[in-house]
């Protein structure tokens, strides 16, 4: 397997996959009854304290891509009844499907098709959220080994963030750098930024809601770097019953807690959601202490530490952890299905 196929690191960061080790993580539990939704501010009086960026930062312009008309194999989801958070009727931002039975018009859809491949209705369905400065197509392309590894259990949908970073708009969709939100007034983002706003976060929540309507329901969410941070926030929102949809597990790779001021309220209670956490001991972009802070919020996390840096590993103990975790989630899905059928009789 080539490094370029496996690596999902940010631009100009190169890592060599190594054998990984698993570890168990204990939790320090704290509870909260808070149910208020921190509003997604578009400005902040608190200056950014970050001197390091997750990727080389530059000037950026926040932009929501035009809606694409995507179609997919009919779903059993009832999520189309989910109330809109903003009243928008815009279709979800760019989604790329790992396996698709889509018949949508290629000129209007940004959905990658793999024809002659039937979708197993028993497979888990996972929404995959990329890191800062990436997009759905780039993330999918770099996860070739991961996709092959989980194919037995899961069907993946890759979604692009709604906000374009900097001057990358004219480089074509595959090269367009995107962000789930910005935490600096110049519309840039750094995972190490202390304080600051979460510019565009509400648009991201709406884009994900629409993705669930169009392509859900999803059994789980998988995120890398900024996408993993977002998965953590969504898990907390679900715990607080603030989401109009539900998911049953989370896969968090190089995750961390957002330091944006409006996100502080999402980290005040333990999250009761099955979760797999993967992070690198040598990750300088998201140091392991940042990942451990997020891990501590989950009641019974499965934790895997590898010795390398900022990428999605697929070898050694990490590979076994993916397989074991998804096998367990898959088995639980079958049990839930059988119980639902017995109840319906």
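Quick look at the values:
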{"read-out": "Three-way shape label, the range 110-345, alpha-carbon gyration tensor, a/c 1.5", "value": "rounded"}
{"read-out": "Beta bridge orientation in the range 110-345: antiparallel %, DSSP, nearest 5", "value": "15 percent"}
{"read-out": "Order of 242, 122, 127 - criterion: other Cβ atoms within 10 Å of each residue's Cβ, fewest first", "value": "122, 242, 127"}
{"read-out": "Inverse mean reciprocal Cα-Cα distance (Kirkwood Rh) of the range 279-324, Å", "value": "11.2 Å"}
{"read-out": "Order of 247, 298 - criterion: other Cβ atoms within 10 Å of each residue's Cβ, fewest first", "value": "247, 298"}
{"read-out": "Order of 188, 307, 314 under a 10 Å beta carbon neighbour criterion, fewest first", "value": "307, 314, 188"}
{"read-out": "Value of relative contact order over the range 110-345, rounded to a whole percent, pairs C-alpha under 8 Å and six or more apart", "value": "18 percent"}
{"read-out": "Antiparallel DSSP beta bridges within the range 210-345, percent to nearest 5", "value": "0 percent"}
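Every read-out reported here was derived from the displayed coordinates using simple, explicitly stated rules and does not represent laboratory data. Computed from a predicted structure; not experimentally measured. Cβ atoms come from the backbone with ideal geometry, glycine included; neighbour counts cover every protein chain shown.
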